[in-house]
Amino acid sequence: MITTILAFIVTLGVLVIVHEYGHYRVALACGVKVLRFSVGFGRVLWRRQASPDSTEFVVGALPLGGYVRMLDEREAPVKSDERHLAFNNKSLAKRTAIVAAGPIANLLLAVLLYACANWIGIEEPRALLGSPTAGSLAERAGVNAGEWAREASIDGNEWHELRSMSDLRWDITQAVLRGEPLHLMLTDAAGRGTHRVVLPLDTLGSKEIDAQLMRRIGLGQTYSEPLLGDIAPGGPAAKAGLRSGDRVLSIDDKTIPDRARMIEIIRAAGAQGEPAAMTWRVERGGQTLELIVRPKSVVDGDKRIGRIEAVVGQPPQMVLVRYGPIEGLTQAASRTWDMSTLTLKMLGKMLIGEASLKNLSGPLTIADYAGQSVRLGLAYYLGFLAVVSVSLGVLNLLPLPMLDGGHLMYYLFEAVTGRPVSQRWLERLQRGGVAIMLLMMSLALYNDVARLLGLH
């Protein structure tokens, strides 16, 4: 819990400081006097000001944002000898640069963070595919357990290497949002016998990219050998005589190619109440044994499943995904661009009803993911930080009042018409912007709570 809270505070602190620093540095470069640089809102916890005429640096009690307050005649009277330092008296180009600098700083930070994660390297599961879910797109396409996804293409022409399962899941997400099929080049685990399959992701019509969608696609799990791990004393597995290290060959004459199929059969056995006895064929020490196993039925969420109270499967094969100096930087820039366009597409689809509003996340989800990524290691946390930085940068560029994108929208109007937006319209748009932001924040917080309670 403490790790999650600290990771959340560090995440927000870094992203807010970088965002506001972008505004601050460009404002100074454009000759604007900056009155205050604040990280957080509310009661001042820490304050520093070198001289009465210099910028006041502040840390507020509520760490959910920040701001840079500049000299501006629209907010307070300005001395005649400082009018040339006021924001409102600068050219349209300089005002635009100052406002755009915050989101751009977040996007540049994302590139740097992705690059650092690429240079450090991340241990990720190799793209060995588990058994496709029964009736899934992958099963119908001819995907088999243990096959290695080597390359992928969304348009069927430009192919790229899949270094890990993360790369495959990323391509699946992009293909779903674009409404296009995904082409995969598969081999056996040793890299032999290349063949091509096409996943018709354009037929899904899904509004949510979640675990349920991945099950419909059938490629959610990494291949894991059907071996048993620790056996709980007194549980169904122990009573049946199963031991750690047993390789499961079949259950009720159904071949078990991997962990995913074994779990699927065990869980399904308890769906209708008390499971019947099942005949298991296992390999132990070079011998084949036949054992009778009776899973027990337990309630998991809103349904009943079967369990044998044993660790099922082995850890997946891992690969170290690491890039060189130049490749790591170019890949980071490419991933930042892809994440930015993906975020915009998702927001656009939510706006027109083609994507569920359940995809919107708030501070609780960010805090949870921050804590998880910290526990996984530095490279994972840097990657997570990059994702949130991209989201913050893109969100702030949306043409909504109260956001940087709203101000850029005003400047576009001024550039086209030759006159600024009237004060009357500014006030109306600001009120509308506040209402929209409150609605989005409330919805994001609701989704967070619903996820924690298992309602989503």
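The values are calculated or read from the model by the stated rules, or taken from the named source; none is laboratory data. Keep in mind that this is a model prediction, so the values were computed, not measured. Methodologically, a virtual Cβ is constructed for each residue, glycine included, from the backbone with ideal geometry; neighbour enumeration extends over all protein chains shown.
Taken together, the residues in the range 276-313 that are more than 15 Å from Leu242 (Cβ to Cβ) and assigned to a loop (DSSP other than H, G, I, E, B) amount to 4. Hey, does the range 135-149 have a residue that's of a type in the set (S, T, N, Q) and buried (at least 22 other Cβ atoms within 10 Å of the Cβ)? No, the range 135-149 contains no residue that is of a type in the set (S, T, N, Q) and buried (at least 22 other Cβ atoms within 10 Å of the Cβ). Within the option set Arg36, Arg95, being surrounded by 20 or more Cβ atoms within 10 Å (Cβ to Cβ) and of a type outside the set (A, V, I, L, M) holds for one residue only, Arg95. Between Ala271, Ala276, the distinction of being out of contact with any Gly (no Cβ under 8 Å at 6 or more places or on another chain) and modelled with pLDDT under 85 belongs to Ala276 only. Please enumerate the residues belonging to the range 113-134 that are surrounded by fewer than 18 Cβ atoms within 10 Å (Cβ to Cβ) and in a loop (DSSP other than H, G, I, E, B). Across the range 113-134, the qualifying residues are Gly121, Ala134.
Residues in the range 70-94 that are modelled with pLDDT of 90 or more and over 19 Å from Gln423 (Cα atoms): Arg83, His84, Leu85, Ala93, Lys94.
For the range 206-263, taking the residues that are exposed (fewer than 15 other Cβ atoms within 10 Å of the Cβ) and under 30 Å from Arg178 (Cβ atoms), the one that is modelled with the highest pLDDT is identified as Gln212.
Evaluate the range 27-46: report whether one residue or more is out of contact with any helix residue (DSSP H, G or I) (no Cβ under 9 Å at 6 or more places or on another chain), in a helix (DSSP H, G or I) and closer than 22 Å to Met402 by Cβ. Checked the range 27-46: no residue is out of contact with any helix residue (DSSP H, G or I) (no Cβ under 9 Å at 6 or more places or on another chain), in a helix (DSSP H, G or I) and closer than 22 Å to Met402 by Cβ.
Residues in the range 135-193 that are of a type in the set (Phe, Trp, Tyr) and outside any loop (DSSP other than H, G, I, E, B): Trp148, Trp170.
Residues that are modelled with pLDDT of 90 or more and surrounded by 20 or more Cβ atoms within 10 Å (Cβ to Cβ) were ranked within the range 39-65; the one that is nearest to Gly393 (Cα to Cα) is Val39.
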